[in-house]
Amino acid sequence: GAASFAFEAGTSELRLCYRFSQARGGGFEAWVLYPAFRATAAEITGPATTGAVVGVQESITLTGSGIANGDIAFFANDCAVGAAASASGPLTVSLAGATGATGVVALTPQASSVAGLGLCYRFRPSTLAKPTAAYPNVRLLVYELLAMAETPLTAEERLGGPSAPRSSTAVARTVQTLYFAGAGVGAGDRAYWVSPTATSCACRGSGCVPYAQARGGRRSLQASGDQLAATFSLLAGAGSGASAGYQLCYQFGNEAPRLYPAFRMRVLEVTAPALTVATAITGTPFTQSISYGGSGIAAGDRLVYIVDGDAGAETCAAAAASGYDVAGGVRTVLEGGVANFQFTNVVAEALLCYQFQNEEWARFPATQLSVVPSANPFARLDLQAVAPAGAAVRVPTPITVVGTGFARNQPSDSPRAVEGFAD
């Protein structure tokens, strides 16, 4: 004989109770428990929601009853599409524990679906002819970063695609705000920048920090109007060694940070010369050239040296707009990173203001200028570096000064001079 049962909830270790009918219509015998006859009402009950990041392998622990090795699971909007055509593809279940209450599947999502995908599950596909069951309350949210820009993203850009912006150009010693969009991007997500050659967001050394404060540190996304943005304060040195652009590490909620090599931030910075000593010439024009080094120096950039505290030079932009000319005026950088000046004023100390193409003006106080009278023995000195930076008291210490304009009794400049100094 056969009997049909409709189980309303999953249950493990059911045992058969059976009673026989009496002969000649005399009713039933007493109920008898048959412990050797067992059944399981299989069901998946959790987890309610799991997050996963596109391209990152995720292990999901399923809970319920009747779970076994070899069961097949997949996530889809409609179980009728089948495991092979589903968003996740077929996932083989590995039993966790011996009770059948938990099982693990590993998946690497390839496409985002922040609205959520429901679980489809088939118990014992190799031994039972059971259909695939849908568990819409067990959902998978798949996150993906799609776009990043320096200005608020348009509705079309937020959808991603090949033309969506994914790069930024910033200037050291300034603040850079970046807007992010994608499936699952939310307030509280975190972002930071790593080396152009990094292959992961992992920190290599014990106790190390994977992000650098000079690159803006690790920042949390916050609401900015109807969008989400993070603000990075870039410090001196941020442009060092980043001509290819830093790569983005992005962390969705509590998920592990993921490296996004296509999302880049290039940081522009002036790092040389440290000090230029030029000559003030009156009367006959005399052109003096200064060469600049760093990250992103290009023909067409503009610069101006300002004296702190001068009227009209409260900001770099104000000095440039007013044509401030106390220390050589506003100049345009030529090919090779060179700018030409005609200095007419003696200036004790001036600081560099620099504009990379159409970026905002930025101040680089480590690049300084002194303009001395033409009779000064240091006239036309371009000091690039001094080493060492410190020395012991009363101990003779060789000091290496690197630059141009030393002369040293030669008809042309010597690029290097070494002097010994003692107390």
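The values are calculated or read from the model by the stated rules, or taken from the named source; none is laboratory data. Just so it is clear, the structure is predicted and the values come from calculations on it, not from any experiment. Cβ placement follows ideal geometry from the backbone for every residue including glycine, while neighbour counts extend to all protein chains displayed. The area values use the complete protein model at the heavy-atom level, side chains included, leaving out ligands, DNA and RNA. Shrake-Rupley method; radii C 1.70, N 1.55, O 1.52, S 1.80 Å.
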With r as the distance between the Cβ atoms of ALA115 and ARG19 and R0 = 56 Å, compute the FRET efficiency 1/(1 + (r/R0)^6) and round to 0.05.
0.65
How much of the accessible area of the chain, in percent, comes from carbon and sulfur atoms when a 1.4 Å probe is used?
52 percent
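Do you know the relative contact order of the range 177-227, to the nearest whole percent, from alpha carbon pairs under 8 angstrom that are 6+ apart? Working shown, then result.
Details: 44 pairs, mean separation 24.8, N = 51.
Here the relative contact order equals 49 percent.
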Please work out how much length the chain gains when fully extended from ALA202 to LEU95, using 0.36 nm per residue of separation minus the C-alpha to C-alpha distance, in nm with one decimal.
35.5 nm
Size-normalised alpha-carbon gyration radius of the range 270-337, reference 2.2 N^0.38 Å
1.17
May I ask you to derive the FRET efficiency for ALA262 and TRP31 from their Cβ-Cβ distance with R0 = 60 Å, giving the value to the nearest 0.05?
0.30
Of CYS79, SER65, GLY27, which is farthest towards the positive pole of the range 5-93's charge dipole, taken about the Cα centre with +1 and -1 on the beta-carbons of Lys, Arg and Asp, Glu respectively?
GLY27
Provide the per-residue ³J(HN,Hα) series for the range 350-367, in order, calculated from phi with Karplus coefficients 6.51, -1.76, 1.60 and θ = phi - 60°, each as a whole number of Hz, with x at glycine and proline positions.
10, 10, 7, 10, 9, 10, 7, 6, 9, 6, 6, 5, 9, 9, 10, x, 6, 9
Cα centroid distance between the range 183-207 and the range 1-18, in Å?
51 Å
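Using the Cα centre as the reference, give the magnitude of the dipole from point charges on the C-beta atoms of the chain (Lys, Arg: +1; Asp, Glu: -1; all else neutral), rounded to the nearest 20 debye.
1380 debye
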Pair ALA129, SER163: separation of 7 Å Cα→Cβ label points (nm):
5.4 nm
Only sites in a loop by DSSP and with at most 11 other Cβ atoms within 10 Å count here; which chymotrypsin sites (Phe, Trp or Tyr not before Pro) in the range 329-362 make the cut?
none
Rounded to a whole number of µm²/s, how large is the Stokes-Einstein D of the range 77-228 at 37 °C and 0.692 mPa s, given Rh as the Kirkwood radius over C-alpha pairs?
171 µm²/s
Two-site label geometry, ALA48 and SER374: point separation in nm, points 7 Å out along Cα→Cβ:
8.4 nm
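Please report, in cubic angstrom per residue, the volume enclosed by the convex hull of the alpha-carbon atoms of the range 32-151.
Details: hull volume 14.3 nm³, N = 120.
Spelled out: Cα convex hull of the range 32-151, divided by residues, is 119 Å³.
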What's log10 of I(q)/I(0) for the range 239-377 at q = 0.11, 0.13, 0.15, 0.22 Å⁻¹, Debye sum over Cα points only, no solvent?
-0.47, -0.60, -0.75, -1.34
Rounded to the nearest 20 debye, what is the charge dipole size of the range 1-143 about its Cα centre when +1 sits on each Lys and Arg Cβ and -1 on each Asp and Glu Cβ?
380 debye
Please report, in cubic angstrom per residue, the volume enclosed by the convex hull of the alpha-carbon atoms of the chain.
232 Å³
Springs between alpha-carbon atoms under 10 Å, Gaussian network over the chain: tell me which of CYS120, CYS316, CYS203 tops the mean-square fluctuations.
CYS203
Cleavage-rule hits (trypsin sites (Lys or Arg not before Pro)) in the range 158-222: DSSP loop, at most 11 neighbouring Cβ within 10 angstrom
ARG204
For the range 141-263, state what percent of all Cα-Cα pairs lands in each successive 5 Å bin, counting from 0 Å until the bin that includes the largest distance.
2, 11, 22, 26, 22, 12, 5, 1, 0
Neighbour-limited loop hits for chymotrypsin sites (Phe, Trp or Tyr not before Pro), the range 1-48 (at most 15 other Cβ within 10 Å; DSSP other than H, G, I, E, B)
PHE5, PHE7, PHE20, TRP31
Using Cα pairs under 8 angstrom and six or more residues apart, how large is the relative contact order of the chain, in percent?
9 percent
With each label point set 7 Å from Cα along the Cα-Cβ vector, what nm distance links ILE399 and SER224?
4.6 nm
Phi to ³J(HN,Hα) by Karplus 6.51 cos²θ - 1.76 cosθ + 1.60 over the range 134-149, Hz, x for Gly, Pro:
9, 10, x, 7, 9, 10, 10, 9, 10, 9, 7, 7, 10, 7, 8, 8
